[in-house]
Amino acid sequence: MQTMKDEYGKLAGLLLFIGTVQFPIALIIAEALYPGYSVADNYISDLGVGPSALVFNSSVFMLGVLIVCGACLIQRSFHSRLFVVLLILAGVGTMGVGLFSENFGIIHTIASSVVFLFGGFAAIASFKLQKPPLSYLAVLLGIVALVALALFASKIYLGLGKGGMERMIAYPVLLWGVGFSGYLIAVSEHKTTSAEK
């Protein structure tokens, strides 16, 4: 018999999966809509203004909403306060990026910094909620994101350009999100199947 706790975990996984998969797809579309956009030379948030703004901003905001909703469900399922707080902060920051484009200056900078910082820490903090090898990969992806953030803040781009280095912050966290969401769905489903036998 499936418990409410299992249902919360499965729904959290579904919401996080939708959020972390739809955003890279929307990002590709936004890059195609933005004339002369360079992955190396343009910031990701440059897509939040101009012809790509509607696609990019709505997708980022949706990602943030789904992260926050997923985090609340994870708290009901796993009762991991530190992880949930980190994830909610990352989600709120993500919504801020969608609401406040680069035209908002320091507000946008703060929002994007919150996303990058707490997204990396959330990936690392998910270690206790997963089993190896995913738990180890989560830590690795979180560390890669945080090291890339430090390099990005220091304007050390390692030949990738500012846009390329910024993606080295964002993509590991998104990849962790896809893996973690799949894990949540699978674990909840496995508990249900085992209980029915």
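The values are calculated or read from the model by the stated rules, or taken from the named source; none is laboratory data. Please read all numbers here as calculations on a predicted model, not as lab measurements. A quick note on method: Cβ atoms are made from the backbone with ideal geometry, for glycine too, and the neighbour counts reach across all protein chains shown.
Check region 80-100 and report whether any residue there is touching a Lys or Arg at 6+ places or on another chain (Cβ under 9 Å) and either acidic (Asp, Glu) or at pLDDT below 95 (or both).
Yes: one or more hits.
Taking region 100-111, which residues are in a helix (DSSP H, G or I) and farther than 21 Å from GLU31 by Cβ?
Residues satisfying the conditions are PHE104, ILE106, ILE107, THR109, ILE110.
So that you can scan it fast, the table gives a plain yes or no per residue for (1) buried (at least 21 other Cβ atoms within 10 Å of the Cβ); (2) in contact (Cβ under 8 Å) with a residue 24 or more places away in the chain:
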site: LEU16; (1), (2): yes, yes
site: ALA30; (1), (2): yes, yes
site: LEU33; (1), (2): no, no
site: TYR37; (1), (2): no, no
site: ALA40; (1), (2): no, yes
site: VAL49; (1), (2): no, yes
site: PHE56; (1), (2): yes, yes
site: LEU66; (1), (2): yes, yes
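Of everything in region 103-133, what is under 18 Å from VAL84 (Cα atoms), of a type outside the set (D, E, K, R) and over 15 Å from the mean Cα position of the chain (by Cα)? Give them in sequence order.
If the condition is that a residue be under 18 Å from VAL84 (Cα atoms), of a type outside the set (D, E, K, R) and over 15 Å from the mean Cα position of the chain (by Cα), then PHE127, LEU129, GLN130 are the ones that fit.
Filter region 123-157 for residues that are over 19 Å from THR20 (Cβ atoms) and touching a Gly at 6+ places or on another chain (Cβ under 8 Å) and give the result.
Passing the criteria: only TYR157.
Go through region 133-187 and give me each residue that's hydrophobic (A, V, I, L, M, F, W, C) and under 18 Å from ALA71 (Cα atoms). It would help to see each step written out before you state the result.
Pass one, region 133-187, residues hydrophobic (A, V, I, L, M, F, W, C): 134, 137-141, 143-153, 156, 158, 160, 165, 168-170, 173-176, 178, 180, 184-187.
Hits for region 133-187 are ALA138, VAL173, LEU174, LEU175, TRP176, VAL178, PHE180, LEU184, ILE185, ALA186, VAL187.
If we scan region 57-76, do we find a residue that is polar (S, T, N, Q) and over 20 Å from ALA170 (Cα atoms)?
yes
Out of the residues in region 84-105 that are hydrophobic (A, V, I, L, M, F, W, C) and within 11 Å of PHE118 (Cβ to Cβ), state the one that is surrounded by the most Cβ atoms within 10 Å (Cβ to Cβ).
Only one residue tops the list, namely LEU87.
Kindly indicate whether any position in region 173-191 is among the charged types (D, E, K, R), over 20 Å from the mean Cα position of the chain (by Cα), surrounded by fewer than 16 Cβ atoms within 10 Å (Cβ to Cβ) and not in a helix (DSSP H, G or I).
Pass one, region 173-191, residues among the charged types (D, E, K, R): 189, 191.
With over 20 Å from the mean Cα position of the chain (by Cα) added as a condition, the list becomes 189, 191.
Adding the requirement that they be surrounded by fewer than 16 Cβ atoms within 10 Å (Cβ to Cβ) leaves 189.
Now drop any that are not not in a helix (DSSP H, G or I), which leaves none.
Scanning region 173-191 turns up no residue that is among the charged types (D, E, K, R), over 20 Å from the mean Cα position of the chain (by Cα), surrounded by fewer than 16 Cβ atoms within 10 Å (Cβ to Cβ) and not in a helix (DSSP H, G or I).
Going through region 65-93 one residue at a time, which ones are in a helix (DSSP H, G or I) and either touching a strand residue (DSSP E or B) at 6+ places or on another chain (Cβ under 7 Å) or of a type in the set (Gly, Ala, Ser) (or both)?
Pass one, region 65-93, residues in a helix (DSSP H, G or I): 65-78, 81-93.
Scanning region 65-93 gives GLY70, ALA71, SER77, ALA90, GLY91, GLY93.
Taking into account only those residues within region 106-122 that are buried (at least 16 other Cβ atoms within 10 Å of the Cβ) and among the hydrophobic types (A, V, I, L, M, F, W, C), which is nearest to LEU63 (Cα to Cα)?
Per the criteria, the residue is VAL115.
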